[in-house]
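The structure appears below as structure tokens.
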Amino acid sequence: MKLSFVIPAWNEEELLGATIASIQKSAQNCEYEIIVADDASDDRTSEIANEMGAIVVSCNNRQIGTTRNDGAAIATGDILIFVDADTIVTPIVVAETVDAIQNGAVAGGSFPTFEGQIPLLAKILTPILRLLFRILRVAAGAYMFCTPESFVGAGAFDPKFFAAEEVHLSKKLHAFGKYKTIKARVVTSGRKFRTHSSFEILTTLFLVSIPVIRNLKKRKNLWYGPRIKSY
């Protein structure tokens with residue numbers, strides 16, 4: 001079973017290398033490919049990806065869902081795994097992903113643990129959101145996976161959404177079979193909690209989990225906004 005890791009990236013020279021290295025270590029017993037969809041970065045993102053053996057897809061979207069779609073378009077694996085460029089993958093995460101698909105799931109995800117300093121409010125509410133996402137069977141964007149067939153059938157990531165595109169896709173994927181939230185957790189940077197308020201981020205995550213409110217379209221700055229040192 002071949003794994004296709006798709007990493008959307010914009011100006012990720014600081015953390016991309018560690019993300020790729022973690023995938024290479026975690027998937028070393030599998031056949032795999034790493035695809036970095038470089039969304040018109042003006043730093044060394046593309047160079048780092050090339051140096052580390054990743055396949056680089058150049059695009060200019062300023063839209064993370066469309067950028068993920070561009071990476072997935074050239075994937076050749078039996079499982080599509082979408083990993084954010086600031087996220088560390090572990091062997092147990094990969095093993096549970098493969099096991100989920102082999103046991104009949106068509107999609108799933110891992111709710112992340114946040115690295116670095118995060119506000120007290122985020123520490124308190126994150127476990128509640130983790131449980132909510134598990135109950136609703138939706139993915140947090142740092143790590144989600146699906147079969148290529150279900151991805152295409154669900155229409156891929158909807159380009160009209162600038163936030164929570166993974167939640168929208170997760171709900172569509174339910175129509176194609178079982179969704180599995182794996183127990184193992186990836187570790188993702190808590191940097192967004194240092195550039196945006198906890199209330200803004202956690203409210204966004206909460207609102208998009210509610211079907212009648214799941215229509216956020218204009219949160220581009222959560223992904224294409226200011227960058228600070230992440231750790």
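To one decimal place, what orientation-averaged projected area in nm² is obtained for the convex hull of the Cα set of segment 1-124?
8.4
So, R0 is 41 Å and r is the distance between the beta-carbons of Gln102 and Asp43; what FRET efficiency does that work out to, to 0.05?
Taking R0 as 41 Å, the efficiency between Gln102 and Asp43 is 0.60.
Once both labels are modelled 7 Å past Cα along the beta-carbon direction, what's the Glu51-Ala73 spacing in nm?
Going by the 7 Å Cα→Cβ label model, 2.8 nm.
What does the extension gain come out to for Ser58 and Ile92, with contour length at 0.36 nm per residue minus their alpha carbon separation?
Roughly 9.2 nm would be gained on extension.
Let me know the shape class of segment 85-133, please: from the alpha-carbon gyration tensor, a ≥ b ≥ c as square roots of the eigenvalues, rounded when a/c is under 1.5, otherwise prolate if a/b is greater than b/c, or oblate.
It is oblate, given that a/c is not under 1.5 and a/b is not larger than b/c.
What residues have an amide H closer than 5 Å to that of Gly77, excluding those fewer than 5 places away on the same chain, when H is modeled at 1.01 Å from N in the peptide plane?
Ser4
Read-outs throughout are calculated quantities, based only on the coordinates presented, and are distinct from any laboratory measurement. Since the model is a prediction, treat every value here as computed from it, not as a measurement. So basically every Cβ, Gly included, is an ideal-geometry build from the backbone, and we count neighbours across all protein chains shown.
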